[in-house]
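Accompanying notes for the structure given below.
Read-outs throughout are calculated quantities, based only on the coordinates presented, and are distinct from any laboratory measurement. Not measured: the values here are computed from a predicted model. No Cβ is skipped: glycine too gets one built from the backbone with ideal geometry, and neighbour counts run over all protein chains shown.
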Ligand SMILES: [Zn+2]
């Protein structure tokens, strides 16, 4: 048992309760008490059964943070001046194509440790060599949702077969803290057929999907040239979207695409730091606020935008 006292307890419950100088008590993997003031339990008895006390004076006690879009990092600081497309071609893809098991394990262990030290207890990690990432997650103790970098074969990254093998090998490891989703790198390295197959695999496995969508203007232009439609429209047509799908970035969504996100209940990961670092632009999250106008079209846009940015349930 762990008894945490004297901290500012930010509960994130439905009433958004905050207890100044409150307590939180853990028993195994369960929170058994949260409230104001000191823990009213029998301290002497708790000590007798090996309770550990933590004095959180001057600290905030809050639920773990969830990093909804994460990549294990092996090349931090390399080629930081490049825009997204060039960065991927010159730095990211060459690095991850040459990843071996030991590199994957240590890169993941370092990345997960850094996350835990920042208060992140869950990472949604799209990367390669998932069994090695799972070992690192179990060793660090973090909750990790892992997905492969699946792309068309000519790009020499991962395949859906790799993703299925990883699911069969490590899904539910670490007392269920490791989960395996189906990953799609992004549309410039994919096709509508690959997206349909990814959806079919996710349904077969009963798991979720992780994809980059509408991250950059070059991605949108690439999609329009190759498929005649914008990325989220292509994903929608292929059946990829849904409440079990996390779409990362979504900087350049049209009004139509925002409506598709809403219709399907797709979860959008907003990544402002990454978008700023890569010069990709600013996502339309400000449109979460209701507009002054109450005309039909404005209301439609407001509702759609709210769904795209606040649809987590
Ligand atoms: Zn990403």
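Arranged from fewest to most other beta-carbon atoms within 10 Å of their beta carbon, 195, 278 become 278, 195. Overall, the ratio between the Cα radius of gyration of segment 117-159 and 2.2 N^0.38 Å, rounded to two decimals, is 1.34.
Between Rg and the Kirkwood Rh of the chain, both from Cα atoms, what is the Rg to Rh ratio?
Result: Rg/Rh = 1.02.
Neighbour counts of C-beta atoms inside 10 Å place 70, 20, 227 in the sequence 20, 227, 70, starting with the fewest.
Expressed per residue, the C-alpha convex hull volume of segment 160-300 stands at 133 Å³. Could you state the angle between the C-alpha long axis of helix 101-117 and the longest principal axis of the C-alpha atoms of the chain, as a value from 0 to 90 degrees rounded to the nearest 10? Between the helix axis and the principal axis of the chain, the angle is about 50 degrees. With the gyration tensor restricted to C-alpha atoms of segment 2-61, the semi-axes of the equivalent ellipsoid amount to 20, 12, 9 Å, longest first. Just checking the listed ones, 74, 282, 32: in the Gaussian network model of the chain with Cα springs under 10 Å, the one fluctuating most is 32.
Reported value for segment 180-248: 68 Å³ per residue, from the convex hull of its C-alpha atoms. Annotation: average projected area of segment 26-150 is 10.6 square nanometres, based on the convex hull of Cα atoms across all directions.
Which angle between 0 and 90 degrees, to the nearest 10, do you get for helix 130-140 versus the longest principal axis of the chain when only C-alpha atoms count? Helix 130-140 and the main axis of the chain meet at about 20 degrees.
The stretch between residue 254 and residue 114 holds 46.9 nm of extra length on full extension. This uses 0.36 nm per residue minus the Cα-Cα distance. Expressed as an acute angle from 0 to 90° and rounded to the nearest 10, what is the orientation of the C-alpha long axis of helix 217-227 relative to the principal long axis of the chain? Taking the Cα atoms of the chain, the angle to 217-227 is about 50 degrees. From least to most packed, judged by other beta carbons within 10 angstrom and beginning with the fewest, 263, 233, 257, 154 follow the order 154, 263, 233, 257.
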